[in-house]
Amino acid sequence: MANIEDYKRLSSARRTDYVVVKGETEGLGKAGRVKLNDILMPLQTAIKPFDFTPDFGTLSATNGTFALDPTVPIQGLPSVKATPTATSPFTGRFTFNNPVSFAKFENIVIPLRITSNEAASGIGTSAIDIVLTTTTGKTVRLRVHTLETAPSLFYAFEWHRNQDKTNSNFFNYANGATVDTLDSEAIATFDLTFTTGANSANYPIWIGPPKLNCKSEDNKGIICITADGPYASHKKIAAILEKYDVEACFAIRKQLVGDPAGLTEEEVIALDRAGHDIIAHVFASNKTAGLINATDWPTSKSIADDYLNHWEWMRLIGCINGIGDCVRAFNDIFPHTATLTRQLLIRDGLIAGGVNFMRGSETVVNRKIPVGYGRIAPLEIIKYAHSTSQTSTEEVMRGLVDRCADTKELMTILIHGLDGGSGNQGMTSLAFEAFIEYAVNHPSIKIEKFTEVGKRYFA
C-alpha cells in the first residue's frame, strides 16, 4: 500500500498545476493536461463587504464571548470565536463603524465552523441564526442548517435571493423588513445567535467573513453528474453522455469491479479513457452500512486504509485524475444522532486517507452549492442537489436545470442506474437523455466534472 504522503504530493500537484481538458492528446484520449493558469479565467467574482477586524467595527457578546481568534484563520484572516455560557440565548454582535450595504446581492455566503452537531451537545441542533439589523431597526434573519456538518471544519452556508427569499427555512423578517430592505437600507449590526445549554461552553462556533455574489466566473450555473456503482447500466449512461460530448464522474466500489451485474476493470478503464473520471465510492463491497457504522469501521485507520487502497488501485490502472475525490457511501456520515467522538473518528479517517473533496448527502430543500468563496477546509464536503429515481421525470430534471441557471451555482446530480425497478435505479434512459440534451443546450448552464469543479473552486 502506498504511503499517504505520496498521494498528498500527487493530489497537491494535480490540483495546483493542472486541469483536465477536452481534446485529443497522445496516449491519453480525451484526457489531456495543460497548465491551469493557461486556461482559467480569474475566479475572484465574489464581493467581501467586510471582515471582523477593528477596521470595520467592534465585537461584543451577551451570555458568552465573541472575539477574534487568530489561531483559527480563514483565507488569511482571523475568524471570530463564539463561546457561549449556559445562559440562553447567546448573541455575538459586530457593530459597524460605518453601516455596510448588501444592496442588490444575489447570494450571501458565510463560513461557519461548528464544534459539534450531535444532539447531545445542545449546539448543533440549536436554532443558529445570522441577524442583519438595519439602521432603522428592521431585521433580516438568515437561518443556519447544521445537518451533516463535519465537526470543527468550516462549511460555507448560503442564502440565495431568488430561490430562498420566501422560504422560512432560510429567510425570516421582522419590523417591516423584506429581502428588498437590504437594497435600500444599510446594515448597522451583524449578529450570530443561538440557543445554549449546560455544556455549551465546550462547543464554541467560529464564523468567517461573509461574501456576496459567489458564483462561477462566467456567470453560468454548473451541473456535475456523478454515477455511483459500478452497475451494468453505467454503459447506457456513458453512451448518452458520449452522444452529447459530456463528461462525468463514476464513483466505483472497487470490490464490485468484475461482478456480473457491474463493470469489468477494462470497462472502468475505458470510462477514464473516454474522458470521464473515476472517483472512490468505497473499496470494501461488503461494508454497506456507511462510515457511521462502528462495526464495519471501528477506527480512523480502517477508514483511511480503505481510501488508500482505492487510490493505489486507481494508480495501478492509470485512472489518477480522481485520486483524492469521492462520494459518501450509503449513509449520512455526520448525523445529529452520532456522538461527537464517532464523528471526529470519521473526519480524521477521511483526512488521513487523503480525501480532499467529497460529495456528501442531500440537505434541506435540495441545497445549491455556492462557488467562488474559495477553499476553507482541508476536507471539502459538498451536498448533492438531487438523487435520481423513478420519479425523476423529464419535467423534474428540466426544473433542476432551470433552477441552476437562475442561481449560477453548483448543482450535483447523483445517479445510480437507468431503466431499473423502483428506487434509485428507476430513472429512464429517455428522461436522462432529455435532461442532458436540455442542459447542454441551455445558454446559462455548463456541465463539468465533479473533479474539475473541486480543482477550480475548492482546491
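The values are calculated or read from the model by the stated rules, or taken from the named source; none is laboratory data. A quick note: this is a predicted structure, and the numbers were derived from the prediction, not measured. To get the accessible areas, we keep the full protein, side chains included, count just its heavy atoms, and leave off ligands, DNA and RNA. Shrake-Rupley method; radii C 1.70, N 1.55, O 1.52, S 1.80 Å.
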How much of the accessible area of the stretch 348-459, probe 1.4 Å, is carbon plus sulfur, in whole percent? 50
Out of the total accessible area of the stretch 204-330 (probe 1.4 Å, heavy atoms of protein only), what percent is carbon and sulfur? 52
How big is Rg to Rh over the stretch 168-279, alpha-carbon atoms, Rh as the Kirkwood inverse-mean-distance radius? 1.23
Listed candidates [x] 64, 48, 45; [y] 74, 54, 36; [z] 104, 95, 48 - label of the one calculated as Cα extents along the principal axes in Å: [x]
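How much accessible area per residue does the chain have, in Å², with a 1.4 Å probe?
38
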Cα principal axis extents for the stretch 117-238, largest first, Å: 60, 41, 23
Using 20 Å as the Cα-Cα cut-off, could you pick out the over-long pairs in LYS236/LYS408; LYS104/LYS165; LYS243/LYS408; LYS383/LYS408; LYS165/LYS408? LYS236/LYS408; LYS243/LYS408
